[in-house]
Each structure stands twice: as structure tokens, then as C-alpha cells.
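K.L.:
Starting off with a structure, shown below.
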Amino acid sequence: MVCFLSIATTLRAWEGNVLISTPNTSIILSATEGQQLRFSYFGERIEENQIHQVFDSWAGFHRPAYPVFGTSTYEISALHAVHADGNQTLDLVVDKVEQNPVKDAILTVITMKDRVYPFTVKMYYKAYQQIDMIETWVEVSHNEKKAVVLKRFDSGHFLIRRADVWISSLHGHWGAETQLESEPLVGIRNGLGDHSEVMFSLDGKPQENSGRVIGAALCWSGRTKIRVDMDDTFGRSVHSIFAGMNEEASEYKLEPEEVFTTPVLALTYSQEGIGGASRNFHRWARAGMVHGCDKPRDILLNSWEGVYLNIKEPEMDQMMNDIASMGGELFVMDDGWFGRKYRRINDNSSLGDWVVDTEKLPNGIQGLTDTAKKYGIKFGIWIEPEFTNTKSELIDNHPDWVLRAGSRELSCGRGGTQVALDLCNPKVQDFVFHVVDTLLANYPDIAYIKWDANGELLNYGSSYLPKDKQSHIYIDYHRGLVRVMERIRAKYPDVVIQACGSGGGLVSYGVMPYFDEFWVSDNTDALQRLFIQWGTSYFYPSIAMAQHVSASPNHQTGRVVPLKFRFDVAITGRLGMEIQPKNMTDEEKDFSKKAIATYKSIRPVIQYGDLYRLISPYDRKGVTSMMYATEDKSRAVFFVYKMEQFVNQLLPRIRMAGLDPKKNYKIRELNVAPGANPCFLNDRVFSGALLMNTGIELQLEREYASWVLELTEI
Ligand code: GLA
């Protein structure tokens with residue numbers, strides 16, 4: 001076996017194994033010219049001279065790397081194409097392998113050609129050299145006389161040895177997003193719920209800080225499908241994992257010379273448990289998969305739960321004044337500010353008519369940005385540019401700009417009138433771009449956009465796409481969205497943009513390269529947020545997670561929770577407030593002011609530190625706990641929350657993680673409840689070894705009590 005590790009352009013007459021490595025992980029593909037590409041290994045990093053050990057020990061899978069439908073495999077396939085002459089089969093063999101350095105990574109491109117048809121598939125593997133992440137995707141093209149129909153088109157495929165493998169995935173609905181499910185992986189799984197990210201624990205029940213884990217994230221904001229097949233043939237049993245755009249109702253007619261590029265499937269491997277895989281995702285996210293992570297995120301007040309649609313200039317002024325005096329840095333005016341012919345009084349009209357309602361805001365947006373300046377804070381604004389209402393000037397003027405199924409009556413979402421624009425249509429893409437461009441060009445002081453998306457693509461039909469390409473809707477819609485975002489980012493790289501659609505569970509790495517953050521959930525109840533944020537943190541970094549302190553009783557659950565607990569839950573991500581400060585007492589404002597100042601002092605640790613989850617809320621141990629530590633392990637912030645209270649309750653002793661065992665850390669309790677004394681650990685010094693091996697006792701004797709402990713190396 002020959003191994004080409006050295007970086008070379010085009011290796012012809014190629015035979016051997018392709019080693020694709022990150023600092024701690026490797027994939028081996030067996031690629032011999034004229035033969036099927038094989039997936040042989042994914043795991044701990046190996047060196048070139050150790051490749052033979054993988055095969056000698058029978059650890060090599062040597063199975064098709066990208067199974068195609070028709071001839072070469074009896075398994076389920078990753079690619080199914082119908083040729084121009086009606087033939088439904090593919091038979092791909094390796095033509096060439098290229099490995100080249102690109103920014104921060106080494107890119108391996110394996111070109112495969114069909115033995116009979118002029119049909120090409122290029123497989124890409126981008127291996128980061130500083131982060132344990134390998135992105136894979138596929139390009140399909142052909143030179144046949146007429147279009148080829150793609151019926152299935154996965155981004156990638158990999159294998160896991162069958163054993164006590166567990167799968168962790170996120171399901172969710174509005175208000176209860178990113179609910180974590182972990183279960184033994186058996187049999188075939190189709191469609192893993194709402195989220196296109198999963199983790200596989202290879203050594204039994206998932207552990208936070210130990211055990212081998214493979215994490216996979218499909219970077220596509222449209223419909224996705226992750227399938228797990230089980231194969232016991234050849235005496236060596238494997239799980240075969242396929243991930244790609246969901247092919248249902250999405251047959252794709254590929255014209256000659258057109259290139260069909262699948263979304264990226266990002267793969268990570270860690271020996272440090274689920275937590276290690278999460279930290280890999282977080283690093284990769286901050287390195288570019290989430291926009292703008294080089295800048296720390298501002299503390300904001302968002303107007304929604306404070307005034308809902310009832311936007312009025314005096315209230316906006318008052319809210320800006322209040323958040324500025326509490327030390328906040330940004331005010332965001334939410335829904336309700338727009339509409340001319342149809343005013344946005346409730347949620348059944350006006351989306352698309354992005355002109356100021358001057359009855360509500362006589363001095364317009366300029367008046368508001370001036371006010372923000374006066375108070376020394378930034379200004380942000382809400383829009384929902386992919387949607388309109390049947391009651392809007394936009395739809396009056398452009399009835400053909402919405403997705404609709406021919407002459408059928410429109411199915412409507414929110415407010416009984418909300419429908420999606422047809423982003424397959426370049427004119428509609430222009431319109432959406434201009435919504436943002438006009439706002440930002442006219443009001444350069446707008447520093448932040450909350451980009452909402454409160455709906456689904458309910459009506460399957462595009463008046464732009466030709467009859468024989470109606471089945472491209474789900475794919476072309478999301479390509480259209482990405483095109484718009486690319487234009488926006490080319491012109492406005494510094495505006496912070498929130499993808500709000502995750503209130504509803506829609507966050508996706510398919511769009512996060514253009515968005516700085518996302519709204520974790522419309523549910524701002526601190527207790528339930530502990531669960532939602534826990535699941536979200538499996539794949540997404542704290543810097544991007546918008547977490548707001550809201551009123552008590554909470555508007556979604558009615559739960560009454562102390563302000564301290566609400567802050568302590570929100571400050572583990574990008575802190576904000578979602579409240580009418582006018583209704584807060586002076587004591588509450590005072591506490592908020594101090595908590596905001598505290599957050600500023602720990603912001604770098606929270607937004608850029610490594611996350612260590614310690615006790616899961618799903619384990620129902622009465623408490624949940626997590627911490628962040630800086631990469632050099634000189635600072636950390638530890639959190640623990642009491643979720644329920646019983647007399648003589650057994651609470652765990654919590655062992656910290658992510659510290660340096662040899663360092664000594666001084667503990668300081670932050671956000672001490674008004675009138676309370678700091679906890680018994682305050683001001684004491686402990687070794688990292690003690691904190692991690694022996695752990696700390698808790699003294700939390702009330703429901704919704706919490707501790708935030710800062711650890712500083714001395
Ligand atoms: C969605 C968002 C909220 C708010 C409303 C406005 O529900 O998630 O935060 O912006 O829309 O209509």
C-alpha cells in the first residue's frame with residue numbers, strides 16, 4: 001500500500017490510501033485509480049507509517065465511501081441519478097486525487113467518474129490544521145446530452161463499528177427547542193427530528209468528559225435527512241451513516257455542465273466525550289462558521305416582551321434610557337414599527353412593507369438612532385424579510401412573489417395571513433437584499449438586525465421555476481437565501497445580524513456563516529432555558545446564543561423565578577434583557593446594573609472560553625452545572641443551579657473540569673443575591689486537582705438558588 005501524505009497537486013495513476021488528518025483525528029480513504037473509493041477509517045490521528053496497523057488489526061472498514069444507487073452496492077445509497085437515457089444506475093471509480101493546502105486547512109479532492117456515462121462526482125474533504133474538524137461535501141456534474149435527474153444527493157457518508165453506540169440528537173418545537181435525546185443506536189433511523197446535528201458515543205452511554213465521540217453537523221438550512229443503516233454482513237458489523245439534503249419532493253434536474261454542490265457535512269472526533277466534541281464544534285464555529293466571532297457581543301435590551309407590537313416613540317426613548325443606565329450597550333426595536341397602508345397593529349398584516357409607521361414613530365428611525373446616540377448605546381431593528389402577509393402592499397403589488405401552488409388558495413401561517421416569499425426568484429432575492437440595503441444605507445447608525453423567520457414554506461409552488469423544475473423549490477429557496485446573505489455580508493460585514501428563527505428550533509450551520517448569533521428560543525423561562533440551552537450547547541458556541549432576562553412571572557410559563565437566577569441562566573451566553581424596565585423596582589434595576597457590570601468582567605471567559613458541562617439537567621439530580629475555562633486555564637467561571645428543592649435532598653458533590661490540576665485558583669462568588677452573604681467557598685484558594693478530583697459541596701437550599709463562581713489563578 002502506498003500512502004501519499006505529502007502535499008502535491010494532481011496525483012495521476014494513483015494507488016493507495018489517502019490520509020486526511022487534523023491535529024488529533026484522521027480519516028483514511030482507499031483510493032485506487034479505476035476502482036471504487038472506499039472509506040477505511042475515522043478516529044484518533046494516525047501517522048502515515050501507522051496506516052498498515054489499521055488494516056493489520058482489522059480496524060479498517062474498507063467499504064464504499066460514497067455508495068451510489070444501482071450497481072456497486074446492495075446498501076442504501078448516498079447518490080441516485082437517472083441518466084438522460086433513463087438508466088437509473090451509477091458506477092463510479094476513482095479518477096484522480098488531489099491534496100492542496102488552503103486557508104487553515106488541507107483540501108483533498110477525489111474525482112470519480114462513471115465507467116460508462118460522462119458523469120463526474122468530486123468528493124471534497126477539508127481538514128482543519130488547528131481544529132479537529134473535517135468538512136466533506138460533493139459536487140456532481142455531467143456532460144450527457146440532456147438533463148440528469150438527481151433523486152438523492154447526500155453530502156457525505158461514514159461508518160462506525162457496531163458496539164454499544166449511542167446517539168444524541170436534538171428535537172424541538174416552538175418554546176421547547178433543542179430537547180436532548182440520547183438512546184442506544186439500534187436498527188435504522190430515518191429523519192432525526194428537527195436538527196441536522198448529531199453525536200455518536202462509541203463507548204456506551206454518552207459521557208461528558210470521557211469516551212470516544214463522533215459529531216456530525218450538516219450545514220444546510222433547508223430540509224435535511226440523516227439516515228443510519230446497520231450492516232452485519234462480512235462478519236464485521238457497521239453502522240452506516242448518511243447525511244444530506246432531504247430528497248423528498250426535491251428531485252433535481254441537473255443540466256449538462258451545471259455543477260450540483262451538496263452542503264457541507266462537518267465531522268469531528270473526540271476522545272474527551274461529548275464535551276470534547278462540543279468544544280471542537282465551538283472552536284470551528286468561532287473560526288468562521290459563525291459570523292463575526294472576532295468581536296465580543298454587546299449586552300442588549302430587546303423590546304418584544306416589554307411592549308410587544310405596541311411600539312411608540314416615548315417608550316422606545318424610555319427603554320433606551322433605562323438599558324443605558326443599567327450599563328447595557330445596545331437597544332433593539334422589535335416587531336411593530338412598520339406599515340403604511342396596512343399598519344402593523346397585530347400580527348396579521350404588513351410584513352414586506354418596511355416603511356416606518358409615523359403615527360407610532362413621528363421622528364422615524366433617524367429619531368431613534370439619534371436617541372440611542374444621546375444615551376451612548378447602539379441601535380438595532382427587527383425585520384422578517386423572507387415573509388409577507390396577504391394583507392400587505394407587497395403582495396398587492398407582487399402577488400407572484402410568494403410561494404403558491406398554482407391556483408390553489410394560499411395556506412397561511414402566523415396571524416392566518418403569513419406566507420413565504422419565493423426566494424427561488426432572483427427578483428425576490430433583489431427585493432430582500434434591498435430591504436436590508438435601504439435600511440442600512442439610509443440609517444448607517446443601525447448596528448444590529450434581528451432577522452426573524454416565523455414560518456414554514458407552506459405552499460409548494462413557484463411561479464418563477466419552470467414546470468419541470470418545480471421540485472427544486474426546497475433547494476433553490478435556500479440557495480436564494482444564501483445568495484442574498486452573501487450580498488449583504490459583502491456590503492455590510494460589520495453589522496451584527498441575529499438569525500431569530502431558532503425560536504422554533506431553526507438554527508443551522510447552513511446560514512450561521514452570515515449571522516452573528518441566533519435566538520435560542522422564544523421561551524425565556526429560566527428553568528426551561530436550562531434544558532434548551534444545554535442541548536443547544538452540544539453544537540453551538542455561547543458567543544452565538546442569545547439569552548435574555550425576562551419578566552417574572554414568565555410570559556410563556558407563568559413561573560416565578562428570582563431575578564438573580566434569571567441573570568445567572570442568561571449570562572452563560574450572549575446576555576440580553578427582554579423586559580419593560582419601567583416595571584422593575586429600583587432594587588431590581590440596581591441588581592441588574594451590577595449583574596451587567598459583572599458580565600462585562602467575565603465576558604471574554606464566557607464568549608471565548610471552553611465549555612465543560614458538569615451535571616446535566618436531564619439527569620434530574622436537583623441541580624445542573626457547567627463551567628467555562630480560558631484556553632490557558634488561568635480563569636474560569638462555574639455555574640450551578642438548583643432546579644427543585646426537597647428537604648434532606650441528596651445533592652451531588654460537583655467535580656469541576658477544564659482546570660489545570662497544578663494551578664491554584666482563588667474563588668470569588670459573583671452576582672450574590674441581594675442581602676445574602678457570599679457562599680462558604682468565597683475567597684478561598686483550592687488546587688485545580690482538588691476542584692476536579694474531589695470536587696465541591698453545594699449549599700443551595702432553595703428552589704432556584706444559584707451560584708456563579710469566578711476562579712482566578714493565583
Ligand atoms: C418571533 C420572535 C420574537 C419576536 C416576535 C415578533 O416570535 O422569536 O422574539 O421578535 O417574533 O413578532
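The values are calculated or read from the model by the stated rules, or taken from the named source; none is laboratory data. In this text the structure is predicted, and so the values were computed from the model without any measurement. Cβ placement follows ideal geometry from the backbone for every residue including glycine, while neighbour counts extend to all protein chains displayed. We work out accessible area using only protein heavy atoms, side chains counted, and drop any ligands, DNA or RNA first. Shrake-Rupley method; radii C 1.70, N 1.55, O 1.52, S 1.80 Å.
K.L.:
Quote the convex hull volume per residue of the range 371-459, based on C-alpha atoms, as a whole number of Å³.
P.N.:
Each residue corresponds to 111 Å³ of Cα convex hull volume.
K.L.:
Now for a separate question. Could you tell me which of Cys424, Phe379, Tyr540 has its Cα farthest along the dipole of the chain towards the positive end, charges placed at Cβ (Lys, Arg +1; Asp, Glu -1), taken about the Cα centre?
P.N.:
Tyr540
K.L.:
How much solvent-accessible surface does Lys621 expose, in Å² to the nearest 10, with a 1.4 Å probe and all protein chains in place?
P.N.:
Around 100 Å² of this residue is reachable by solvent.
K.L.:
By its C-alpha gyration tensor, with a ≥ b ≥ c as the square roots of the eigenvalues, how is the range 551-645 shaped: rounded for a/c under 1.5, else prolate for a/b larger than b/c, else oblate?
P.N.:
It is oblate, given that a/c is not under 1.5 and a/b is not larger than b/c.
K.L.:
Further question: Across bins of 5 angstrom width beginning at 0, how are the C-alpha pair distances of the range 592-652 distributed, in whole percent?
P.N.:
Each 5 Å bin holds this share of Cα pairs: 4, 17, 21, 18, 16, 14, 8, 2, 0.
K.L.:
Sticking with this one: For the range 13-112, take every pair of Cα atoms, bin their distances at 5 Å starting from 0, and report each bin as a whole percent.
P.N.:
With 5 Å bins starting at 0, P(r) equals 3, 12, 20, 20, 19, 13, 7, 3, 2, 0.
K.L.:
What ratio of Cα Rg to 2.2 N^0.38 Å holds for the range 252-292?
P.N.:
Taking N as the residue count of the range 252-292, the ratio is 1.77.
K.L.:
Here's something else I'd like to know. Relative contact order for the chain: what is it in percent, counting Cα pairs under 8 Å that are at least 6 residues apart?
P.N.:
Relative contact order, the chain: 10 percent.
K.L.:
For Cα pairs less than 8 Å apart in space and 6+ apart in sequence, what is the mean separation divided by the residue count of the range 19-176, i.e. the relative contact order in percent?
P.N.:
Result for the range 19-176 is 20 percent.
K.L.:
Please say if the range 247-352 is rounded, prolate or oblate, where rounded means a/c under 1.5 for a ≥ b ≥ c the square roots of the C-alpha gyration tensor eigenvalues, and otherwise the choice is prolate for a/b larger than b/c and oblate otherwise?
P.N.:
Note, shape of the range 247-352 comes out oblate.
K.L.:
Let me ask something else about it. At q = 0.23, 0.29 Å⁻¹, what log₁₀ I(q)/I(0) does a Debye calculation on the Cα points of the range 97-168 give, no solvent, two decimals?
P.N.:
Summing over Cα pairs of the range 97-168 leads to -1.06, -1.29.
K.L.:
Over the range 37-195, what lengths in whole Å, largest first, do the semi-axes of the equivalent ellipsoid take, defined as the square roots of 5 times the eigenvalues of the alpha-carbon gyration tensor?
P.N.:
Over the Cα atoms of the range 37-195, the ellipsoid semi-axes are 28, 24, 18 Å.
K.L.:
If you average 1/r across every pair of different Cα atoms in the chain and take the reciprocal, what Kirkwood value do you get, in Å?
P.N.:
27.0 Å
K.L.:
When all protein chains stay in place, what accessible area (Å², nearest 10, 1.4 Å probe) is found for Cys500?
P.N.:
My reading of the accessible area for Cys500 is about 0 Å².
K.L.:
Need one word for the range 451-538: rounded, prolate or oblate. Basis is the Cα gyration tensor (sqrt eigenvalues a ≥ b ≥ c); a/c below 1.5 gives rounded, then a/b vs b/c decides.
P.N.:
oblate
K.L.:
What percent does the relative contact order of the range 159-276 come to when contacts are Cα pairs within less than 8 Å and at least six residues apart?
P.N.:
29 percent
K.L.:
Using Cα positions and a limit of under 27 Å, work out the lysines in reach of Lys205, with same-chain residues fewer than 8 apart set aside.
P.N.:
Counting by Cα, and skipping residues close in sequence, Lys205 has these lysines nearby: Lys225, Lys621, Lys642.
K.L.:
At 222 nm, what helix-only mean residue ellipticity would the chain give, in deg cm²/dmol to the nearest 500, using -39500 (n - 2.57) for each DSSP H run of four or more?
P.N.:
It lands at -5500 deg cm²/dmol.
K.L.:
Which residues make up the longest stretch of the chain clear of GluC sites (Glu not before Pro) that lie in a DSSP loop with no more than 14 other Cβ atoms within 10 Å, not counting the sites?
P.N.:
48-247
K.L.:
Can you give me the P(r) profile for the range 457-605? Cα pairs, bins 10 angstrom wide beginning at 0, each as a whole percent.
P.N.:
The calculated distribution, bin by bin, is 10, 32, 29, 18, 9, 3, 0.
K.L.:
Here's another thing I want to ask about it. Roughly how big is the chain's charge dipole about its Cα centre, with Cβ charges of +1 (Lys, Arg) and -1 (Asp, Glu), in debye to the nearest 20?
P.N.:
I would put it at about 720 debye.
K.L.:
Taking the Cα centroid of the range 600-629 and of the range 124-145, what is the distance between the two, rounded to the nearest whole Å?
P.N.:
Using only Cα atoms to place each centre, the spacing works out to 34 Å.
K.L.:
Further question: Convert each backbone phi in the range 95-100 into a coupling constant with the Karplus relation 6.51 cos²θ - 1.76 cosθ + 1.60 (shift: θ = phi - 60°), then list the ³J(HN,Hα) values in order as whole Hz, x for Gly and Pro.
P.N.:
Result, ordered by residue: 9, 7, 10, 10, 10, 9 Hz.
K.L.:
Here is a further query. Report, for the chain, the % of DSSP beta bridges that are antiparallel, rounded to 5.
P.N.:
Percent antiparallel among DSSP bridges in the chain is about 80.
K.L.:
While we're on this one: Please name which of Tyr628, Gly352, Gly86 has its Cα lying farthest along the dipole of the chain towards the positive end, using unit charges on Cβ (Lys, Arg +1; Asp, Glu -1) and the Cα centre as origin.
P.N.:
Tyr628
K.L.:
Additional query: Given Val640, Pro617, Leu150, which one lies farthest toward the positive end of the charge dipole of the chain, if we put +1 on the Cβ of every Lys and Arg and -1 on the Cβ of every Asp and Glu?
P.N.:
Farthest towards the positive pole: Val640.
K.L.:
Per-residue accessible area for Ser407 at 1.4 Å probe radius, Å² rounded to 10?
P.N.:
120 Å²
K.L.:
Are there any trypsin sites (Lys or Arg not before Pro) in the range 65-130 that are in a DSSP loop and have at most 15 other Cβ atoms within 10 Å? List them by number.
P.N.:
When the trypsin sites (Lys or Arg not before Pro) of the range 65-130 are filtered for loop state and at most 15 Cβ neighbours within 10 Å, Lys103, Arg115 remain.
K.L.:
Determine by what factor the alpha-carbon radius of gyration of the range 618-714 differs from 2.2 N^0.38 Å, reporting the quotient.
P.N.:
The value comes to 1.06.
K.L.:
Still on this structure, please answer the following. Students sometimes get this wrong: rank Arg635, Arg620 by accessible area, probe 1.4 Å, all chains present, largest first.
P.N.:
Solvent-accessible surface, decreasing: Arg620, Arg635.
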